[in-house]
Amino acid sequence: MAQFTFTNNTYAGEALAGFMASTLLEADSVKRGLLTVINDVKSRKIILDVDDDVKLQDPSGMFLDQGTTTLQTESYLDPVVYEFMKQEQWDKLVQSWEAQSLAPGAFSDYEGVVDLSDFMVQRYMTKIQIANERLYWLGKSATKEAAFTSSFTGLLPSIAAATGVYKVGLGKSATSTAASAINASGVVTVSDTSTLADGDVVTITNVTGASADTTNGGSVPLSGQSYFIQVLSGTTFKLVRNYNEINTRKGATFSGTATVANISYINASNVLGVLSSVYSQLDPADRIQDDFNLQIPLHVGYAYAQAQANKATNVLNAFSDKKKMDYLGLPLQLMNHWQANTILGARSSNLFLGVDLLGDQSELSTVYMKPYTNDNVVRMKARMKAAVNFKFANELFLLTA
């Protein structure tokens, strides 16, 4: 039978390459190269934005400047420090390890010493990676794991608020509809649901009334929230689950009612038109660059795959073969923890993630408390430091509700 130990570890400096780099830099979009990582960001870091026109002039024996003024502006990476802290009972941690590692009825499958400090770290690593991914893109306000007080806006909210970004809304008739009522059970009344289907994701905006989401015990205004739906009739559908609860799988609950709202969506009925519109509006100078990416949420990727199958003719395996996530040769990046009904066109060299892996404010420690306080508990603390921003607003394309 395995012998269990707990090693009191404090990882700092170069040792952070193991755990801290994994939590901060193995977020899904970082691993795929969708963000440019800048290390050693200890305080505010200035990103200098330099831009100018080019004029081709007549040959001249004397130097004649083209006469334009170079535009120099600044954007910033303002790092935020935040922590994950967890205390567990020693015997519960051992029991959890056994449940995960031993087959039913087995007692001697594992010999030697098992370091439970490593097991405790590993069991939370994936969840911290997901939380950081959501934090980078959605910001603190839309990341339910983020309970710290410092401001962390996130890339998508920052891009949506920036002047100069090429922004497109989903207000057209093919991608939106007006709601005439939302009741306290989350049932939405519209004029027609024929273009909607079970499992579609809708985003609700411009709400008039007191409708609120109470899924997590609080009261969050309905405007700006996105939901998986279930079609009930030709004029009604139900809001089943908040899109931000995709991992917890909690059913949505509500309070209050609304009399007016706008419902926006990208699904199998309109995704080809949406992608065609997006493709035609992308800046050719950016689109041809090797690091340009068109980023879409998972539900839009599913809708595109479904639309490909629906459009196929005389294709034997149209509904069984895996679909390629390209549109007219342009790769589509499926974003696992992202904002619903949103498409972003950006170069990875224009989106920045600042970290400080070797700084004193980044650390991981695991401590078994019994030798010190006689409490049979173990504690883990992971302190992280990160910041995100973009450089050129006029080189970004954003479609959202």
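What follows is calculated from the coordinates using simple rules that are stated; it is not laboratory data. A quick note: this is a predicted structure, and the numbers were derived from the prediction, not measured. Using ideal geometry, Cβ is built from the backbone for each residue, glycine included, and neighbour counts are taken over all protein chains shown.
Spin-label point model (7 Å from Cα, Cβ direction): what's the residue 320 to residue 163 distance in nm?
Here the modelled spin labels are 5.8 nm apart.
Binning every alpha carbon pair distance of the chain at 10 Å from zero, what are the percents per bin?
Spelled out per bin, shortest first, that is 4, 18, 24, 23, 18, 9, 3, 1, 0, 0.
Would you mind classifying segment 269-346 by shape? Square roots of the alpha carbon gyration tensor eigenvalues, ordered a ≥ b ≥ c; an a/c under 1.5 is rounded, otherwise it is prolate if a/b is larger than b/c and oblate if not. It would help to have the intermediate numbers written out before the result.
Working: a/c = 1.95, a/b = 1.57, b/c = 1.24.
Prolate is the answer for segment 269-346, as a/c is 1.5 or above and a/b outweighs b/c.
What is the Rg over Rh value, at two decimals, for segment 181-329, using alpha-carbon atoms and the Kirkwood definition of Rh?
Working: Rg = 17.7 Å, Rh = 17.1 Å.
Result: Rg/Rh = 1.03.
What is the ratio of the Cα radius of gyration of segment 155-239 to 2.2 N^0.38 Å, where N is its residue count, to two decimals?
Details: Rg = 14.3 Å, N = 85, 2.2 N^0.38 = 11.9 Å.
In units of the 2.2 N^0.38 Å rule of thumb, it is 1.20.
Rounded to whole Å and ordered largest first, report the semi-axes of the equivalent ellipsoid of segment 229-276 derived from its Cα gyration tensor (root of 5λ). Could you put the intermediate results ahead of the total?
On the way: eigenvalues 101, 57, 25 Å².
For segment 229-276, the semi-axes come out at 22, 17, 11 Å.
Using a Förster distance of 45 Å, how high is the FRET efficiency between residue 377 and residue 151, based on the Cβ-Cβ distance and rounded to 0.05? Don't skip to the answer; put the middle values down first.
Details: r = 33 Å, r/R0 = 0.73.
Rounded to the nearest 0.05, the efficiency is 0.85.
Taking 0.36 nm per intervening residue step and subtracting the Cα-Cα distance, what contour gain separates residue 115 from residue 42 on full extension?
Working: separation 73, 0.36 × 73 = 26.28 nm, distance 3.29 nm.
That works out to 23.0 nm of additional length.
Would you compute, from DSSP H runs of 4+ residues alone, the mean residue ellipticity of the chain at 222 nm, taking -39500 (n - 2.57) per run and dividing by the full residue count, rounded to the nearest 500? Spell out each step's value before the answer.
Working: 9 runs with 86 residues, N = 401.
When only DSSP H runs of four or more count, the value is -6000 deg cm²/dmol.
Please identify the longest segment of the chain free of exposed trypsin sites (Lys or Arg not before Pro), where exposed means a DSSP state other than H, G, I, E or B and no more than 14 other Cβ atoms within 10 Å.
Numbers: sites that count: 32, 42, 44, 55, 172, 249, 250, 322, 324.
With a cap of 14 other Cβ atoms within 10 Å, the longest stretch comes to 56-171.
If you stretched the chain out fully between residue 206 and residue 220, how much longer would it get, using 0.36 nm times the residue separation minus the C-alpha to C-alpha distance? If you can, show how the numbers build up before the last one.
Numbers: separation 14, 0.36 × 14 = 5.04 nm, distance 1.45 nm.
My answer for the length gained is 3.6 nm.
Relative to the Cα centre, what is the charge dipole magnitude of the chain, using +1 at the beta carbon of each Lys and Arg, -1 at the beta carbon of each Asp and Glu, and rounding to the nearest 20 debye?
Values: 31 positive and 38 negative charges, 218 e Å.
Rounded to the nearest 20 debye, it is 1040 debye.
List the residue ranges in the chain for DSSP H helices whose C-alpha atoms run 18 angstrom or more along the long axis and whose Kyte-Doolittle average is -1.0 or above.
Membrane-span-like by this criterion, though nothing is claimed about a membrane: 116-138, 298-311.
Nearest 0.05, what FRET efficiency do residue 257 and residue 85 give at R0 = 35 Å with Cβ-Cβ as r?
Values: r = 40 Å, r/R0 = 1.14.
So the FRET efficiency works out to roughly 0.30.
Based on the Cβ-Cβ distance from residue 309 to residue 78, what FRET efficiency comes out when R0 is 35 Å, to the nearest 0.05? List each step's numbers first, then the result.
Values: r = 45 Å, r/R0 = 1.30.
E between residue 309 and residue 78, to the nearest 0.05, is 0.15.
Which is the longest stretch in the chain that no exposed loop site breaks, taking sites as chymotrypsin sites (Phe, Trp or Tyr not before Pro) with a DSSP loop state and at most 13 other Cβ atoms within 10 Å?
Numbers: sites that count: 63, 107, 148, 319.
Here the longest segment lacking exposed loop sites spans 149-318.
Which distance in Å, rounded to a whole number, links the C-alpha centroids of segment 328-347 and segment 57-90?
Measuring centre to centre over Cα atoms gives 23 Å.
So if each residue of separation counts as 0.36 nm, and I subtract the Cα-Cα distance between residue 328 and residue 56, what length gain in nm does that give? Before the final figure, lay out each step's value.
On the way: separation 272, 0.36 × 272 = 97.92 nm, distance 3.38 nm.
Contour length minus the Cα-Cα distance gives 94.5 nm.
With a sphere of radius 15 Å drawn around the Cβ of residue 315, what net charge do the other residues whose Cβ falls strictly inside it have (Lys, Arg +1; Asp, Glu -1)?
Working: positive: 311, 322, 323, 324; negative: 321.
Neighbour charge sum, excluding residue 315 itself: +3.
Simple spin-label model, 7 Å along Cα-to-Cβ: residue 283 to residue 92 in nm?
Between residue 283 and residue 92, the simple spin-label model gives 5.2 nm.
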